[in-house]
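The values are calculated or read from the model by the stated rules, or taken from the named source; none is laboratory data. For clarity, every value in this text was computed on a predicted model and none was experimentally measured. Cβ: placed from backbone, ideal geometry, glycine included. Neighbour counts: every protein chain shown.
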Amino acid sequence: MFDTQAHSLASRTLAVTTDGGPVRSRHGLTFLPRADLATAAPQLDRLLVPGATAPTTAAIPGSPAPEYVHRDRPGFAFDATVTDLAAHTDRATAHWVATVLELPTDGLPLDGAAWPWGATFVLVTLALPGTVLVAVLLRRRHRGGAVSVTSNHHQDPRPETW
């Protein structure tokens, strides 16, 4: 889940537990959360709970409702996270993440917007004025319209009459 979300560059992940204590995976890995759920709740937009057999957690006041990403989704664990990413961001981002992580997307139900139009609009809005400015400056330079600045600071000490 963390790999998928991090590679999308569309979200920031924060590991939390209900009590702030470490969690041991079924493979023996110990995960240390950054915070407990009650403390982190105001910062959260979504609460993604990994694991096909994750126990149901009661919603904490002020936090989003838990979403069980892997529950009722058999198959490879990344399939569920890529599918979830497509549904909550867009299909182009989900395809990009799958490509970076070398995951096949054949047969995955990638539903969601086709393209991140909001992010594209912001990029174009920020880049266009700078591009126009560079083009104008290059055109002025090419035409010879550059302004020459001279300074009288270093005058020739010789008299004008020889």
Boolean, residue 11 is within 30 Å of residue 117 (Cα to Cα) and either out of contact with any helix residue (DSSP H, G or I) (no Cβ under 9 Å at 6 or more places or on another chain) or surrounded by 15 or more Cβ atoms within 10 Å (Cβ to Cβ) (or both): yes
Any hit, segment 16-25, residues being assigned to a loop (DSSP other than H, G, I, E, B), closer than 27 Å to residue 86 by Cβ and either without any contact (Cβ under 8 Å) to a residue 12 or more places away in the chain or not assigned by TED's automatic domain parsing to the domain that holds residue 74 (or both): yes
Residue 124 vs. criteria modelled with pLDDT of 90 or more, under 15 Å from residue 9 (Cα atoms) and out of contact with any Ser or Thr (no Cβ under 9 Å at 6 or more places or on another chain): no
Test for residue 124: is it surrounded by 10 or more Cβ atoms within 10 Å (Cβ to Cβ) and in contact with a His (Cβ under 6 Å, 6 or more places away or on another chain): no
Pairs, first free of Cβ contacts under 8 Å to residues at least 60 places away in the same chain and assigned by TED's automatic domain parsing to the domain that holds residue 83 in segment 94-114, second among the polar types (S, T, N, Q) and not in a loop (DSSP other than H, G, I, E, B), C-beta under 6 Å, six or more apart: none
Residue list for segment 10-21, restricted to those being more than 30 Å from residue 91 (Cα to Cα) and within 26 Å of the chain's Cα centre (by Cα): 18, 20
Check on residue 81, at pLDDT below 95, loosely packed, with under 13 Cβ neighbours inside 10 Å, under 19 Å from the mean Cα position of the chain (by Cα) and not in a loop (DSSP other than H, G, I, E, B): no
Which listed residue is among the polar types (S, T, N, Q) and at pLDDT below 90, from 39, 53: 53
Selected residue [more than 15 Å from the chain's Cα centre (by Cα) and not assigned by TED's automatic domain parsing to the domain that holds residue 21] from 120, 53, 125: 125
